Structure formats: structure tokens, C-alpha cells
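Note sheet for the following structure.
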Amino acid sequence: QVHLVESGGGLVQAGGSLRLSCAASGSAISFLAMGWYRQAPGKQREWVARMSSGGSTNYSDAVTGRFTISRDNAKNTVYLQMNSLKPEDTAVYYCNTFRGGNDYWGQGTQVTVSS
């Protein structure tokens, strides 16, 4: 069982920055691929960024060049640094991992970007 808890969301003006955190328990994140997803009102959940257990990263086209995923193995925490935020980045952001045939999600953290 993996437990994920997101934090760091909030209200920010367009062009601003936020850093989201995802604290994991139940497994060491260094052995896991970790991902960030988001869901805007009325839209399907979409993938944002991913870090493999080996540390390689991938980003959706919508956030490439603006968002950075990273991790601190000592804190067992994954981060999403979000810069140059746009109103269209407004969504609930979720942390995700997959282990032992199970998908694990956090409760989400709200990010609102005002224009």
C-alpha cells in the first residue's frame, strides 16, 4: 500500500510560480515511477509530468519548459515546480504511482491561476 499526500496548491496570478509536494509513505519513491496529473472543471484528468525510478523525466506538451518534476529520496517526496503559470493551468493536481498492480492517487491539491 502506498499513501500519497499532496500540498502546496493555492491562488496565484498569471506568470507566477507554485511548487507542489507529494509526500509518500508505504514505499520508497526511489523504486517507483511517480507522476503528476491534473483535472480542470468539466474536463477529464490529464497527465502532466512523470519521473521514472531511474530519474528520467517526461512532460506533456502543455507544460514543457514551464514545469519541472523532481524528487527528494531522503524526504520520500516528489515535487512539481510550476513556473510561468497560465489561467489554463487551473485544476486539481494529483500525485500518482503504480505498484504491485495497483494505481495509487493522492487526494489532490487545488491550483487556481487568475488572469
Which of (1) out of contact with any Lys or Arg (no Cβ under 6 Å at 6 or more places or on another chain); (2) of a type in the set (G, A, S); (3) more than 13 Å from L20 (Cβ to Cβ) does S84 not meet, given it meets every other one? (1)
3 or more residues of a type in the set (A, V, I, L, M, F, W, C) and more than 12 Å from D89 (Cα to Cα): qualifying strands (runs of 3 or more DSSP E) within the range 16-73: 18-25, 46-51
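Conditions tested, residue by residue: (1) within 17 Å of V78 (Cα to Cα); (2) open to solvent by 50 Å² or more (accessible area, probe 1.4 Å).
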| site | (1), (2) |
| --- | --- |
| H3 | yes, yes |
| G8 | yes, no |
| L20 | yes, no |
| A23 | yes, no |
| G26 | yes, yes |
| I29 | yes, no |
| L32 | yes, no |
| R45 | no, yes |
Residues being touching a residue at least 12 places away in the same chain (Cβ under 8 Å) and either open to solvent by less than 10 Å² (accessible area, probe 1.4 Å) or on the phi > 0 side of the Ramachandran plot (or both): count how many of those fall in the range 75-105. 11
Among the candidates G26, G106, single out the residue that is modelled with pLDDT under 95 and either closer than 13 Å to V5 by Cα or acidic (D, E) (or both). G26
Does V113 qualify as being among the aliphatic types (A, V, I, L, M), touching a residue at least 40 places away in the same chain (Cβ under 8 Å) and either open to solvent by less than 40 Å² (accessible area, probe 1.4 Å) or assigned to a loop (DSSP other than H, G, I, E, B) (or both)? yes
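The values are calculated or read from the model by the stated rules, or taken from the named source; none is laboratory data. All figures in this text were calculated on a predicted structure; none of them were measured in a lab. Virtual Cβ from ideal backbone geometry, glycine too; neighbours counted across all protein chains shown. Remember, those area values only see protein heavy atoms, side chains included, never the ligands or the DNA or RNA. Shrake-Rupley method; radii C 1.70, N 1.55, O 1.52, S 1.80 Å.
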